[in-house]
Amino acid sequence: MPINWKEFDNNIKNIKYPHVLIQKFFLSLELIKDVHASIILRYIIKNNIVIFINNPFFVCIKYISKEKYPETIDILITFYELIKQKMKLLNNIKKWYEAYQNKFFWNKKIDKQIEDLYLMKNLIKANFDTSKGGIPFNFKMAGIIKNNSLDSSDTLRTTVERLRNVLKIMGREYFKKINLPIFSETEFYELESDEIIKYTSIVYLKTVEIIDTTIDFFENYNMICLKLDSLLNPFLINIEEDAILNDDIEDMSYLMN
């Protein structure tokens with residue numbers, strides 16, 4: 001008769017004293033085979049993840065036999081490594097949250113947020129004529145303005161419009177967070193040619209760089225979440241009871257008492 005891991009999972013979920021359960025598990029580890037102990041640990045962490053995050057149970061590793069319990073140790077190490085990476089990425093994503101204040105974006109699931117970030121990047125690049133490669137608008141604009149050609153007035157108006165587009169896409173708070181001033185149209189026209197060229201180039205290059213970095217953060221965060229989900233939701237084949245050695249605890253019900 002196979003072990004009903006789903007029922008076991010539900011029992012752990014409804015346990016009244018989870019700290020006692022965790023203590024019993026580590027104190028009784030020598031009574032359980034590694035293959036079963038590693039599965040039990042995954043369910044215990046899954047249903048008590050906040051407790052494991054707030055308490056350094058990885059210190060228990062030094063008291064566990066590496067020869068007898070390699071799988072169980074690996075689960076514990078992997079969990080805390082993933083949590084460490086997740087927290088680090090969250091701190092980086094928090095900076096984007098502070099800069100990009102768009103409630104529609106933050107109400108979406110992470111896969112849709114990643115899609116939005118790619119779209120945002122493509123819009124910025126298209127705005128500067130680089131969505132399909134080619135010479136960026138800020139380079140072309142620089143040559144025209146420096147030479148004071150007949151097209152310089154039209155080019156300046158186009159520059160203002162493109163910068164306005166970036167402001168609409170990214171928002172005012174974004175410019176504040178990256179320490180870029182927001183000029184009125186009159187103020188912008190009063191800038192020196194070199195200042196106009198430098199400002200426009202920084203807006204374009206820095207924005208694309210920041211979005212690229214943010215995409216990496218979101219994609220890595222999503223991957224970490226998927227790995228955690230896989231770790232704490234094992235896909236199990238049925239394990240027959242007669243395959244359990246006599247030194248295992250029958251049905252592991254002692255953990256629930």
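The values are calculated or read from the model by the stated rules, or taken from the named source; none is laboratory data. Keep in mind that what you see is a predicted model, and the values were worked out from it rather than measured. Positions of Cβ are generated from backbone atoms using ideal geometry, with glycine treated the same way; all protein chains shown enter the neighbour counts.
Remarks
- Flag if N127 is over 15 Å from V166 (Cα atoms) and either at pLDDT 95 or above or touching a helix residue (DSSP H, G or I) at 6+ places or on another chain (Cβ under 8 Å) (or both): no
- Some residue of the stretch 78-101 being free of Cβ contacts under 8 Å to residues at least 60 places away in the same chain and of a type in the set (V, I, T): no
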